[in-house]
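> My questions will all concern the structure given below.
The values are calculated or read from the model by the stated rules, or taken from the named source; none is laboratory data. Because the structure is predicted, anything quoted here is derived from the model rather than measured. When we count neighbours, we look across all protein chains shown, and the Cβ atoms used for this are built from the backbone with ideal geometry, even at glycine. Note: areas computed on protein heavy atoms with side chains; ligands, DNA, RNA excluded. Shrake-Rupley method; radii C 1.70, N 1.55, O 1.52, S 1.80 Å.
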Amino acid sequence: MAFECQKSAGIYTDSRVIGKNYCEKQTAGSSSFNLEAESEGIESDKSEIITSLTSKHLLSKNAPVGGRSITDLPPAIISEILNCLDPKELGIVSCVSTVLHSIASEHHVWKEFYSERWGLPVPAQSAPVVPNGLSDERSWKDLFVEREFRSKTFMGRYTMEVLHGHTEAVRTVFVLASAKLIFTSGYDSIVRIWELEEGLSIASSRSLGCTIRALAADTKLLVAGGTDGFIHCWKAVEGLSYLFDVKGPLNHNIEFRLWEHEGPITSLALDLTRIYSGSWDMTVRVWDRFSHRCLNILRHGDWVWGLVPHDTTVASTSGSDVYVWDTNSGELATVIHEAHVGYAYALARSHTGDFLFTGGEDGAIHMFDITNRHVDTSAQLVGSWIPHSGPVYSLAFEFPWLVSASSDGKLSLIDVRPLLRTKKRTLWKRDSRGQHVQSISVEPPQRMLHGFGSNLFGVDIGMDRIVCGGEEGVVRIWNFTQALEAERRARALRGIRLENRMRRRRLQIEMNTKSGGARSDQCSFAAKKTPMNGGDRVSVWHNKRGVSGKLKA
């Protein structure tokens, strides 16, 4: 959680200077910073910078002329130093002085922090768009802190909503959070659109004639893949609140189909220019969104169960193996053999593409770190979980939560942040032959959700909700907005208490400053008049003991 400075807590108005331990590293007698040495040691001295900035032994504003302040550096150098900090450390630095607060709060790195975790926010359709691409004028730090705060809600209370409409099992679920829509389909061959906040059924398509096993959508295109090998596509209709006119008759202006697969479609994904599809014909096909042509065919050795694209790569699961492909060249970048015992059914990926999450027939979930070193791409196992007693059919990831759905009728919630912190330390060690040996332990999930009888086939996460569909033919929504409101109230109360505490502290300091020497004279006079040791008090104690002894006699 990013460290957030309370505005009411009061920020030091004087620009504090760097402490003695930090100053001793500079050249004796030098009147300026050794900038080259500092820039070379930024990474190694990051913790020392934080300590020196927040030390209790910082020199005051009235320090000698020889004292040096970090705010004396050029803004470009300060910006480079702040680039080396993580969100929590950057928040701590912003509380040191007004100058650093201004620099750290408006630093461009907050945008990078946000986009690495959740991507750039998509402005609402009805909200006016300002030049920076956001729906309001909040800073990137405010957006980051708010989003990080919302991630806490999945450990709180929830309400469950059950959506009825499908007549058979629900095979796939997709949440389009930017439009507040849910798309579901399954064995009844009908694509249904639901309103995310109210859970109302908005629209349903005509029967597509086959089981729909995969859905994907953005604000421009909706795609559905069936067992007949066709990819059914709908273009967004301008001015339509639910974006896609799926319930109308066939209209070639807004609806089209793609067909080259020779088997059932099992997975679909979209990016800005391409459509990705995986099939039991053992191929992944890459399509152009605008010309509708197949650009590339990625051939596997077994049925393809899942795929997740990122930038110029796409990860896929085939049989028990996990593949990472270069979509431009069509070449295989790396492969993880025997990732699971049995089929690897489910696949998810972090927004940066650095981490892959796989779920398989053995009920296990694995986390892999994908590293690109110029030409070579490698995958290393970072963590494992075994929260289910049956196969894991679906995974969904929204930082920091990984959600899994299994045939045992349970959902597991996994917080990946502890593993990300552990990854900074050594996860690998060398054996006698110089090869890497894993030191991975099986982690427990943070939470389990129950509610279905058996066989959960699809799950997705968004807007403080988890949406799931399964064999019962209903769609369930776990709504955590109540926990969000409770956390906001608790946060407001903590802010009020902190403000009152700081107000009392300032008043106490002012009173002590005003009283000053008079109070010290009063204290010395009182000490002389009533000494703590010896004198009249001791004699009184002896008299009391004597009286008590006489009474006993």
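> What does the accessible area of E80 come to, in Å² to the nearest 10, when a probe of 1.4 Å is used?
Approximately 100 Å² for this residue.
> What net charge is computed for the residues neighbouring S267, neighbours being all others with C-beta under 12 Å from the C-beta of S267, Lys and Arg scored +1, Asp and Glu -1?
Numbers: positive: R171, R213, R285; negative: none.
Counting the neighbours of S267, the net charge comes to +3.
> Quick one: compute a quarter of the convex hull surface over the Cα atoms of the stretch 309-394 and quote it in nm².
Working: hull surface 21.0 nm².
Mean projected area of the Cα convex hull: 5.2 nm².
> As an exercise, identify the trypsin sites (Lys or Arg not before Pro) in the stretch 229-280 lying in DSSP coil whose Cβ has no more than 15 other Cβ atoms within 10 Å. It would help to have the intermediate numbers written out before the result.
Numbers: sites: K235, K247, R257, R274; in loops: K247.
In loop regions of the stretch 229-280 (DSSP not H, G, I, E or B), the sparsely surrounded trypsin sites (Lys or Arg not before Pro) are K247.
> Under the rule a/c < 1.5 gives rounded, and otherwise a/b versus b/c splits prolate from oblate, where does the stretch 233-386 land using the Cα gyration tensor? The partial results should precede the final answer.
On the way: a/c = 1.90, a/b = 1.78, b/c = 1.07.
Prolate shape, in that a/c is at least 1.5 and a/b is the bigger ratio.
> Would you give the gap between the C-alpha center of the stretch 336-402 and the C-alpha center of the stretch 215-233, rounded to a whole Å?
If we compute the Cα centre of each part, the gap is 24 Å.
> Starting from the Cα-Cα distance between K247 and L295, subtract it from 0.36 nm times their residue separation and give me the gain in nm to one decimal. Please list the in-between numbers first.
On the way: separation 48, 0.36 × 48 = 17.28 nm, distance 3.05 nm.
Stretched out fully, the K247 to L295 stretch lengthens by 14.2 nm.
> In addition: I'm checking a number: the convex hull volume of the Cα atoms of the stretch 75-118, normalised per residue, in Å³. What is it? Please report the intermediate quantities before stating the final value.
Details: hull volume 2.8 nm³, N = 44.
Dividing the Cα hull volume of the stretch 75-118 by its residues yields 64 Å³.
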